[in-house]
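Report on one structure; see the data block that follows.
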C-alpha cells in the first residue's frame, strides 16, 4: 500500500495540471475537446487517488467532501455521456481551489509531523 503522501502529491499534480488546462477561460474550455478531455482525465485520476487515501487521513479532514469526490469519479468513468461541461467548469473554478488548499495543508501537516517525530 502506498503512503498517503504519494497520493496527495499526485492529487496536487492533477490540480495544477487542471489549472493550466483551464487558464484560457470558460469559452476556450467549452470549445476545445482536447482541453475538456485532458481536464476530465485529470479529474478522474484525482478522484481515484482520493479513494486510495487512508481512512485516518480522511477522518482528520472530515470537512472535505470525500464521498462526493468518489461519486463524481463514478460519473466521470461510467456516465461520461451525461457529463455537463458547464458543471465541470464550475467545479474547476469553485471547488478545486479549496481542495488544493486542503491538500497543501495536509502535506504541510505531514512535513511538520516528520520534523517533530
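The values are calculated or read from the model by the stated rules, or taken from the named source; none is laboratory data. Keep in mind that what you see is a predicted model, and the values were worked out from it rather than measured. So basically every Cβ, Gly included, is an ideal-geometry build from the backbone, and we count neighbours across all protein chains shown.
Assorted remarks:
- Hey, residue 76 crowded, with 16+ Cβ neighbours inside 10 Å and within 17 Å of residue 98 (Cα to Cα) or not: no
- A single member of 64, 105, 99 is part of a helix (DSSP H, G or I), at pLDDT 95 or above and surrounded by 15 or more Cβ atoms within 10 Å (Cβ to Cβ), and it is 99.
- Any chance residue 57 is under 17 Å from residue 7 (Cβ atoms), modelled with pLDDT of 95 or more and part of a helix (DSSP H, G or I): yes
- Residues of region 1-52 that are exposed (fewer than 13 other Cβ atoms within 10 Å of the Cβ) and either under 9 Å from the mean Cα position of the chain (by Cα) or not in a helix (DSSP H, G or I) (or both): 1, 2, 3, 23, 24, 25.
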